[in-house]
1. Among the residues of the range 231-278, what is the count of those that are under 22 Å from residue 40 (Cα atoms) and either modelled with pLDDT under 95 or assigned to a loop (DSSP other than H, G, I, E, B) (or both)?
2. Of everything in the range 317-328, what is within 13 Å of ligand 1 (Cβ to nearest atom) and either farther than 24 Å from residue 286 by Cβ or surrounded by fewer than 24 Cβ atoms within 10 Å (Cβ to Cβ) (or both)? Give them in sequence order.
3. Name the pairs: first residue in the range 426-444 and touching a residue at least 24 places away in the same chain (Cβ under 8 Å) and not assigned by TED's automatic domain parsing to the domain that holds residue 454, second residue in a loop (DSSP other than H, G, I, E, B) and more than 12 Å from ligand 1 (Cβ to nearest atom), Cβ to Cβ under 6 Å, at least 6 apart or on different chains?
4. Can you tell me how many residues in the range 295-351 are touching a strand residue (DSSP E or B) at 6+ places or on another chain (Cβ under 7 Å) and away from ligand 2 (no atom under 16 Å from the Cβ)?
5. Can you tell me which residue among 408, 403 is more than 15 Å from ligand 1 (Cβ to nearest atom), buried (at least 20 other Cβ atoms within 10 Å of the Cβ) and in a helix (DSSP H, G or I)?
6. Could you please give the count of residues in the range 448-461 that are surrounded by fewer than 23 Cβ atoms within 10 Å (Cβ to Cβ) and under 17 Å from the mean Cα position of the chain (by Cα)?
7. Identify all residues within the range 432-471 that are farther than 25 Å from residue 214 by Cβ and not in a helix (DSSP H, G or I); write none if there are none.
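The values are calculated or read from the model by the stated rules, or taken from the named source; none is laboratory data. Quick caveat: nothing in here was measured; it's all calculated off a predicted structure. Reconstructed Cβ throughout: ideal geometry from the backbone, glycine too, with neighbour counts over all protein chains shown.
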Ligand SMILES: CC(=O)SCCNC(=O)CCNC(=O)[C@H](O)C(C)(C)COP(=O)(O)OP(=O)(O)OC[C@H]1O[C@@H](n2cnc3c(N)ncnc32)[C@H](O)[C@@H]1OP(=O)(O)O
Ligand SMILES: O=C([O-])CC(=O)C(=O)O
């Protein structure tokens, strides 16, 4: 049985966070992200040392055979800094005077061991609050999506959070100033150009090659100019790994709009890719490269979309893959290229494409204003055909995904009368009870992918095979954050039996 214990595990984000560093110092208004990060790292290294010295030999509990066969669901062992996923029915948070320790209890088999952990923690941490049966789903550095929408800086005239602010929050645990976010926008615009050979590589792809394959190909090729790979080959000290990893991560995020824009224009015959505007924010530029920047609501949608898709704890396929590949000291481009290949699976990020295809097929079969009865029959025929209902269910969540809710609110504000949006609402009233009746899915509620494609379609971006590329632009924020912190804290490489 010993090898079982060495299986890597999903769904815990127990990192005593940045309160310690915040206690010692506070970000100054003019600091860059890298300067602030450099200040935070030493305290965090000490924090991890202290946790390991005190708790290193304690156990999170047994590993069940079912969990090993069940895709490692509910096993708490994967460190993830940026976000914690709360299943929607049970979550414990332990903020203390010097640290934040978030433990997500994500599935029932894990419940008893989790209580061991609770005891373990209460032995040495003062609990300021503990909330059970909470409803938040994802929290970015402890902040829910509505809190991020409220607290993060906005563009002039905009009401959705700027993803630049979310990235700052993921990296530092702090809400940035508007000035810091503007500097980040400028920095990313300055780094946005992609090498000519990557442009050529994309231009030579057949238009029939799936946009996600092109995306991963181009991201992988960026490794040609990796600061980390260069520094490593020149013998950089372990202690300095995080610096070139940070530079690569910033380059990666900055270059994604140019890659995504080029793929979109090549595949769908939309002409030459325009220049990045260095005075504009990241989402405006992404929208511009896709040809939608004159539509203010679409740009706002991109700001929301990139913010909410950025990070979802470490157990999902893309995040986990990025961390795993990065743990062998592959540079961020190689690690993220691998992550994108996982995101391209239909049970993960590609589900947003699958949802639209499924909706279109449904409309072809039963018409555009079908009755509830006809929709029910169509859903049953999907299940009876041995297929999944795309956009429904989740490995961790046990409630409607708050990212679905955020997108629904956006739709209610901007496109309340859209027929496809209404169909999504109709399906919401039908699918959960059918999935419950079918008796297999542990979570009958919709996930993020059930809604995103409908919004994009409304604004004219109806090339559904392309949708997961946008998801991939966003997910880089979370994966990059973890790669940087893993290098800063000297995370060990994974070892699978
Ligand atoms: C960004 C994201 O990645 S969000 C997820 C996007 N993916 C989708 O929307 C695809 C549809 N959903 C699914 O396939 C699943 O719910 C997943 C992959 C998301 C989660 O999988 P799991 O954690 O294994 O779900 P769960 O434990 O509930 O599965 C139990 C059974 O219910 C089935 N099930 C789960 N969700 C659904 C669904 N939406 N439709 C039909 N059956 C489902 C599973 O296929 C499984 O069947 P099996 O026992 O025959 O293998
Ligand atoms: O968390 C998961 O398993 C899948 C998901 O919703 C995401 O990665 O955004």
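1. The number of residues fulfilling the criteria is 3.
2. 317, 320, 321
3. Going by the 6 Å Cβ cut-off, there are no qualifying pairs.
4. Keep residues of the range 295-351 that are touching a strand residue (DSSP E or B) at 6+ places or on another chain (Cβ under 7 Å), which gives 303, 307, 311-314.
Checking which are away from ligand 2 (no atom under 16 Å from the Cβ) leaves us with 303.
So the answer is 1.
5. Values: 403 fails: more than 15 Å from ligand 1 (Cβ to nearest atom).
From the options 408, 403, the qualifying one is 408.
6. Number of matching residues: 0.
7. 439, 440, 441, 442, 443, 444, 445, 446, 447
Yes/no matrix, rows are residues, columns are (1) closer than 24 Å to residue 317 by Cα; (2) surrounded by fewer than 19 Cβ atoms within 10 Å (Cβ to Cβ); (3) within 27 Å of the chain's Cα centre (by Cα):
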position: 50; (1), (2), (3): no, yes, no
position: 53; (1), (2), (3): no, yes, no
position: 58; (1), (2), (3): no, yes, no
position: 75; (1), (2), (3): yes, no, yes
position: 79; (1), (2), (3): yes, yes, yes
position: 85; (1), (2), (3): yes, no, yes
